[in-house]
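The values are calculated or read from the model by the stated rules, or taken from the named source; none is laboratory data. Values in this document were obtained by computation on a predicted structure and should not be read as measured data. Reconstructed Cβ throughout: ideal geometry from the backbone, glycine too, with neighbour counts over all protein chains shown.
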Amino acid sequence: MGLEKTFREFSTALLRLDDRLRELRVTVVEDRPSRNDGVVPDNLELAVEDLLGWLQEASAAAATAHKASQHPVDMDAARRALGACQERFERMEQVFSSKLVSYEHMADLTSFGTERRGEWQMWVLTAKRGIDLCRAPMDAARSRLAECWQEIAERVGMTSISVTNVGQVVDRPS
């Protein structure tokens, strides 16, 4: 696969993830029942907002890398931008796994819905479904990111430079 195409597919994967996270945000923030607030929904809202922030930064870096991958290719700029994107993406994955899909947080969410009952139970079910729908685009984006690094590594591996010293004269001061 070509470098530019790989970067384009990665950007597309990030857009799909953005769509799912924005849908989750609607559930968590805008569809949230107005009474009987609690720490669990607040923490979930903060985690989703963090994810969207990290994703926005990762997407901006991916766009820079994609632009650098176009003709004329600036491999160094693509590599640096992809490195910045990698850092943001890893932070996003860390927040996703520790604050959304961890057993502890899922159990807290379930308990919260059971304790509050009524509209909160439906909200919890919808939030859990939304979190689950984020898993596949997160995995796809991770795979596309790895493919970008593979393309860069292959490009760098194709470049070779030979230096020879033929007839070199070195003068030494007396």
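Is there a residue being β-branched (Val, Ile, Thr), under 18 Å from residue 132 (Cβ atoms), touching a helix residue (DSSP H, G or I) at 6+ places or on another chain (Cβ under 7 Å) and buried (at least 16 other Cβ atoms within 10 Å of the Cβ) anywhere in segment 90-98? Yes, segment 90-98 contains a residue that is β-branched (Val, Ile, Thr), under 18 Å from residue 132 (Cβ atoms), touching a helix residue (DSSP H, G or I) at 6+ places or on another chain (Cβ under 7 Å) and buried (at least 16 other Cβ atoms within 10 Å of the Cβ).
Being surrounded by 15 or more Cβ atoms within 10 Å (Cβ to Cβ) and either without any contact (Cβ under 8 Å) to a residue 24 or more places away in the chain or small (Gly, Ala, Ser) (or both): is that true of residue 34 here?
On the way: surrounded by 15 or more Cβ atoms within 10 Å (Cβ to Cβ): no; either without any contact (Cβ under 8 Å) to a residue 24 or more places away in the chain or small (Gly, Ala, Ser) (or both): yes.
For residue 34, the condition - surrounded by 15 or more Cβ atoms within 10 Å (Cβ to Cβ) and either without any contact (Cβ under 8 Å) to a residue 24 or more places away in the chain or small (Gly, Ala, Ser) (or both) - is not met.
Any residue in segment 16-23 that is of a type in the set (A, V, I, L, M) and modelled with pLDDT of 95 or more? Write out each step before concluding.
First pass over segment 16-23, keeping only residues of a type in the set (A, V, I, L, M): 17, 21.
After this cut, where a residue has to be modelled with pLDDT of 95 or more as well, the list is 17, 21.
So far as segment 16-23 goes, yes, one or more of its residues are of a type in the set (A, V, I, L, M) and modelled with pLDDT of 95 or more.
Of all the listed residues (44, 51), the sole one being more than 16 Å from residue 138 (Cα to Cα), hydrophobic (A, V, I, L, M, F, W, C) and buried (at least 18 other Cβ atoms within 10 Å of the Cβ) is 44.
Determine if segment 126-149 includes at least one residue that is part of a helix (DSSP H, G or I), modelled with pLDDT of 90 or more and touching a Gly at 6+ places or on another chain (Cβ under 8 Å). No: zero hits. Pairing each residue of segment 51-75 that is farther than 17 Å from residue 134 by Cβ with any residue that is assigned to a loop (DSSP other than H, G, I, E, B) and among the charged types (D, E, K, R), provided the two are 6+ apart or on different chains, yields C-beta distances under 8 Å for 68/74.
Checking residue 158 against (1) under 25 Å from the mean Cα position of the chain (by Cα); (2) exposed (fewer than 12 other Cβ atoms within 10 Å of the Cβ); (3) among the aliphatic types (A, V, I, L, M), which single condition isn't satisfied? Against the list (1) under 25 Å from the mean Cα position of the chain (by Cα); (2) exposed (fewer than 12 other Cβ atoms within 10 Å of the Cβ); (3) among the aliphatic types (A, V, I, L, M), residue 158 comes up short only on (1). Residues in segment 112-124 that are surrounded by fewer than 14 Cβ atoms within 10 Å (Cβ to Cβ) and either closer than 12 Å to residue 24 by Cα or not aliphatic (A, V, I, L, M) (or both) were compared, and the one that is nearest to the chain's Cα centre (by Cα) is 114.
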